[in-house]
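J.: The structure follows.
The values are calculated or read from the model by the stated rules, or taken from the named source; none is laboratory data. Predicted model only: the values in this text are computed from it and were never measured. FYI the Cβ positions are ideal-geometry reconstructions off the backbone, even for glycines, and counts take in every protein chain you see. Note: areas computed on protein heavy atoms with side chains; ligands, DNA, RNA excluded. Shrake-Rupley method; radii C 1.70, N 1.55, O 1.52, S 1.80 Å.
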Amino acid sequence: MNALDPWLRLALVPGVGNTSLIRLLAAFGSPEAVLSSGRNALAAHLTPTQCDALLAEPDATQLDAVLAWLDQPGNSLMTLADADYPKTLLEIPDPPAMLYCKGQRSLLNQAALGIVGSRNATPQGVRDAEAFAHALSDAGLTIVSGLALGIDAAAHRGGLAGAGSSVAVVGTGLDRIYPARNKALAHQLAETGLIVSEFALGTPPLPGHFPRRNRLISGLSRGVLVVEAAPDSGSLITARVATEQGREVFAIPGSIHSPLARGCHALIKQGAKLVESAADILDELAWQQRLAPPAFPEEAHADPVLDALDGAPTTLDVLAQRTGLTLDALSAKLLTLELDGRIASLPGGRYQKIH
């Protein structure tokens with residue numbers, strides 16, 4: 001028998017959720033002990049329907065499917081009994097009994113920061129999320145998010161581009177990619193980062209799964225940064241759970257006229273830390289490894305983008321013509337320069353060098 005068989009048999013019992021699993025493991029000590037117990041002993045912890053399901057023969061097809069999935073490179077199953085089970089999750093009220101992992105599971109024990117925000121993010125919000133994630137990853141923090149469109153995807157891209165990599169916590173089985181538009185990003189995470197889920201293979205993206213996913217994003221992290229969020233955003237649920245778990249909450253302010261800034265402003269009013277740079281987060285966390293100082297040359301003319309800004313407000317198209325850079329590369333460079341206080345972003349999509 002595979003050592004994981006008792007865990008899988010227990011976790012795959014229909015109608016027995018994680019809370020019941022934790023209660024059974026606390027009472028009996030191990031999956032083997034639970035599975036060998038009689039109805040009278042189980043009845044003290046489960047409903048009659050749950051007892052029937054647990055005592056029934058396991059679904060061999062489902063078990064075989066998981067074991068076949070585990071045979072694929074990079075796939076693994078983490079249980080509460082494993083030595084590398086993340087200690088941060090043991091601190092939360094409802095730690096998952098099992099985690100399906102695809103990629104570098106060692107990332108779960110690295111210091112991490114969660115970054116969340118709107119699925120319908122603005123271009124500026126996407127740029128901010130990616131730049132903050134990249135800088136924090138380079139400082140040694142693993143970036144944790146939920147693989148959603150918008151801010152989540154940008155955070156993963158930034159985390160993967162830095163030294164700390166990125167972890168995606170998803171609300172589906174790991175044999176499904178949701179949303180499908182993030183397929184390429186999911187493959188990159190599986191190769192150089194990690195995708196993790198507490199849900200069994202084949203689990204669809206049901207609405208109730210995402211609040212459970214959110215508790216793991218904050219649970220794995222030292223703090224959570226909210227980049228953009230509407231007042232009724234799910235990101236605010238993550239922030240609330242983070243506070244309940246004793247994690248720090250950070251928020252980037254925005255325009256008072258932007259609906260996607262209102263959620264962040266509400267968090268700041270409630271005590272979240274207002275941040276304007278990655279260094280603000282590192283300082284608040286007392287993170288010993290600081291951001292490396294920007295490697296800008298002493299003379300501005302050594303930087304082609306700064307050299308292209310001749311002092312007058314300049315549009316993105318003009319800068320692209322002057323530098324020969326693609327719009328994506330140029331936008332990323334301009335955001336870095338703006339975060340470092342070397343240029344200013346002006347109305348109308350124009351930029352100006354700060355002397």
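J.: For the stretch 112-148, which residues satisfy the criterion of being free of Cβ contacts under 8 Å to residues at least 40 places away in the same chain and part of a loop (DSSP other than H, G, I, E, B)?
T.: Within the stretch 112-148, Arg119, Ala148 qualify.
J.: Out of Asn75, Asn109, report the one residue that is polar (S, T, N, Q) and in contact (Cβ under 8 Å) with a residue 60 or more places away in the chain.
T.: Asn75
J.: What about Pro207, is it open to solvent by 10 Å² or more (accessible area, probe 1.4 Å) and in contact with a Lys or Arg (Cβ under 6 Å, 6 or more places away or on another chain)?
T.: Working: open to solvent by 10 Å² or more (accessible area, probe 1.4 Å): yes; in contact with a Lys or Arg (Cβ under 6 Å, 6 or more places away or on another chain): no.
Taking the combined requirement at face value, the residue does not satisfy it.
J.: OK, next. Only residues that are open to solvent by 50 Å² or more (accessible area, probe 1.4 Å) and more than 30 Å from Ala111 (Cα to Cα): list them for the stretch 66-87, please.
T.: Matches in the stretch 66-87: Ala68 only.
J.: Okay, moving on. Could you list, in sequence order, the residues of the stretch 176-204 that are of a type outside the set (A, V, I, L, M, F, W, C), open to solvent by less than 30 Å² (accessible area, probe 1.4 Å) and assigned to a helix (DSSP H, G or I)?
T.: Listed by number, the list holds a single entry, Asn182.
J.: Among the residues of the stretch 88-99, how many are open to solvent by less than 50 Å² (accessible area, probe 1.4 Å) and part of a loop (DSSP other than H, G, I, E, B)?
T.: Total meeting the criteria: 5.
J.: Looking at Leu54, is it more than 30 Å from the chain's Cα centre (by Cα) and open to solvent by less than 20 Å² (accessible area, probe 1.4 Å)?
T.: yes
J.: Taking the conditions exactly as written (among the aliphatic types (A, V, I, L, M) and either open to solvent by 30 Å² or more (accessible area, probe 1.4 Å) or touching a residue at least 60 places away in the same chain (Cβ under 8 Å) (or both)), does Ala41 satisfy them or not? Let's see the steps before the verdict.
T.: Details: among the aliphatic types (A, V, I, L, M): yes; either open to solvent by 30 Å² or more (accessible area, probe 1.4 Å) or touching a residue at least 60 places away in the same chain (Cβ under 8 Å) (or both): yes.
Considered against the rule, which asks whether it is among the aliphatic types (A, V, I, L, M) and either open to solvent by 30 Å² or more (accessible area, probe 1.4 Å) or touching a residue at least 60 places away in the same chain (Cβ under 8 Å) (or both), Ala41 comes out as yes.
J.: If a residue has to be assigned to a helix (DSSP H, G or I), without any contact (Cβ under 8 Å) to a residue 24 or more places away in the chain and not acidic (Asp, Glu) to count, how many in the stretch 49-72 make the cut?
T.: Residues that pass the stated criteria total 5.
J.: Next up: Regarding Asp59, is this residue open to solvent by 20 Å² or more (accessible area, probe 1.4 Å), at pLDDT below 90 and within 15 Å of Leu201 (Cα to Cα)?
T.: In short, yes.
J.: Now for a different question. For the structure I just gave you, tell me whether Gly173 is buried (at least 17 other Cβ atoms within 10 Å of the Cβ) and at positive phi.
T.: no
J.: Can you run down the residue pairs with Cβ atoms below 7 Å, 6 or more apart or on separate chains, where the first is in the stretch 187-204 and within 19 Å of Ser218 (Cβ to Cβ) and the partner is surrounded by fewer than 24 Cβ atoms within 10 Å (Cβ to Cβ) and among the polar types (S, T, N, Q)?
T.: Pairs found: Gly193/Gln104; Gly193/Ser165; Leu194/Gln104; Ser197/Thr172; Glu198/Asn18; Phe199/Thr172.
J.: Please list, ordered by first then second residue, the pairs with beta carbon atoms under 7 Å, 6 or more apart or interchain, first in the stretch 225-253 and open to solvent by 10 Å² or more (accessible area, probe 1.4 Å), second acidic (Asp, Glu) and part of a helix (DSSP H, G or I).
T.: Glu248/Glu284; Ile252/Asp128
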